[in-house]
Amino acid sequence: MKDLSVDNLLGIKQLNENDINIIFETADSFKRVINRPIRKVPTLRDITIANLFFENSTRTKLSFELAQKRLSADIINFSAGSSSLKKGETLIDTVNNILSMKVDIVVMRHPLPGAHQFLSRHIDAKIINAGDGTHEHPTQALLDCYSIRERLGSLKGKKVVIVGDIMHSRVALSNIFALQKLGAKVMVCGPTTLIPKYISQIGVLVENNLKKALEWCDVANMLRIQLERQDISYFPSLREYKTLYGLSKPMLDKINKDIIVMHPGPINRGVEITSEVADSSNSIILDQVENGVAIRMAIIYLLSSKINRI
């Protein structure tokens with residue numbers, strides 16, 4: 001088995017192209033596993049994984065849990081809302097208490113950017129970033145790129161536009177890093193107020209007109225507006241946003257080519273994307289969900305090989 005160059009999955013920024021390809025090749029094998037009659041393998045029967053979610057999550061948490069169960073790992077689930085964090089316990093104390101139960105891998109989502117890097121310097125368990133604030137969401141980016149690769153064969157030279165709330169999206173940043181490492185060309189599209197000023201400095205094109213962005217791209221990754229992360233109003237109304245940046249079937253029909261449509265979820269149907277588009281043949285949204293399990297199985301498996309039991 002080929003080894004990753006990293007001991008933890010803290011972000012896409014720490015991975016190289018070879019790491020990503022190793023993850024994809026391993027995911028290919030696990031995708032065959034989850035599509036056969038018996039979908040479980042005993043690979044990680046002696047591994048214990050703690051899922052620490054300090055922010056609410058449904059899709060990512062379920063996907064990680066399913067990946068872990070498919071690998072036969074033992075699982076501990078932690079919810080910050082019912083924990084001693086409410087009583088003033090620190091992050092390190094909470095994690096160390098869990099590690100005293102002989103946990104090998106920690107999957108964590110945390111509202112503070114950099115929480116995983118901080119933790120990796122203080123504990124021995126392998127750490128997988130399931131999202132840190134508005135910083136990164138590496139497993140989502142990997143499954144997105146894997147899904148494009150599955151449909152187009154390669155990402156090299158492909159044009160991908162990420163549409164929506166770029167400013168508050170950890171998915172956008174991780175996708176940009178992953179797509180660039182795999183040779184794709186990246187554009188972001190949305191209201192000027194939702195596009196960070198630094199974005200053009202990292203080799204990303206910026207377009208404020210959705211029609212022009214769609215004419216340019218091979219793949220459109222539609223993001224939701226993250227109202228829960230916004231403390232001010234970045235645009236006049238959702239109705240105006242929908243008019244200017246919502247992807248509809250009539251808009252797709254005006255583009256004289258087939259475009260792959262993606263969405264990391266949860267979908268706000270009728271805002272950034274209509275149901276007609278989300279459920280169309282252009283959409284690979286359900287493929288993303290299935291591929292998320294295979295990608296997370298691959299990452300857990302590859303990191304488990306680096307656990308030192310001595």
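The values are calculated or read from the model by the stated rules, or taken from the named source; none is laboratory data. The model shown is predicted, which means the values in this text are computed figures rather than measured ones. Note that each Cβ is placed from the backbone with ideal geometry, even for glycine, and that neighbours are counted across all protein chains shown.
Numbers for the structure displayed
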{"read-out": "Matching residues in the range 101-134 - criterion: being in contact with a Pro (Cβ under 7 Å, 6 or more places away or on another chain) and more than 20 Å from Lys306 (Cβ to Cβ)", "value": "Asp132, Gly133, Thr134"}
{"read-out": "Test: residue in the range 159-169 that is of a type in the set (Lys, Arg), more than 22 Å from Gly246 (Cβ to Cβ) and surrounded by fewer than 23 Cβ atoms within 10 Å (Cβ to Cβ)", "value": "no"}
{"read-out": "Those residues of the range 29-49 which are among the charged types (D, E, K, R) and without any contact (Cβ under 8 Å) to a residue 24 or more places away in the chain, in sequence order", "value": "Arg32, Arg36, Asp46"}
{"read-out": "Test result for Ile128, surrounded by 24 or more Cβ atoms within 10 Å (Cβ to Cβ), of a type in the set (Val, Ile, Thr) and either within 20 Å of Ile267 (Cα to Cα) or assigned by TED's automatic domain parsing to the domain that holds Glu17 (or both)", "value": "no"}
{"read-out": "Considering residues of the range 25-79 that are at pLDDT below 90 and among the small types (Gly, Ala, Ser) only, the residue farthest from the chain's Cα centre (by Cα)", "value": "Ser79"}
{"read-out": "For His135: the one exception among (1) in contact with a Ser or Thr (Cβ under 8 Å, 6 or more places away or on another chain); (2) closer than 30 Å to Ser283 by Cα; (3) surrounded by fewer than 24 Cβ atoms within 10 Å (Cβ to Cβ); (4) not small (Gly, Ala, Ser)", "value": "(1)"}
{"read-out": "Residues of the range 256-304 classified as farther than 19 Å from Leu214 by Cβ and surrounded by fewer than 13 Cβ atoms within 10 Å (Cβ to Cβ), total", "value": "2"}
{"read-out": "Answer residue from the range 227-243, given it is surrounded by 14 or more Cβ atoms within 10 Å (Cβ to Cβ) and farther than 22 Å from Asp144 by Cβ and is modelled with the lowest pLDDT among those", "value": "Gln230"}
{"read-out": "Looking only at the range 92-112, and only at residues there that are at pLDDT below 90, under 27 Å from Lys13 (Cα atoms) and out of contact with any helix residue (DSSP H, G or I) (no Cβ under 7 Å at 6 or more places or on another chain), the one that is surrounded by the most Cβ atoms within 10 Å (Cβ to Cβ)", "value": "Leu99"}
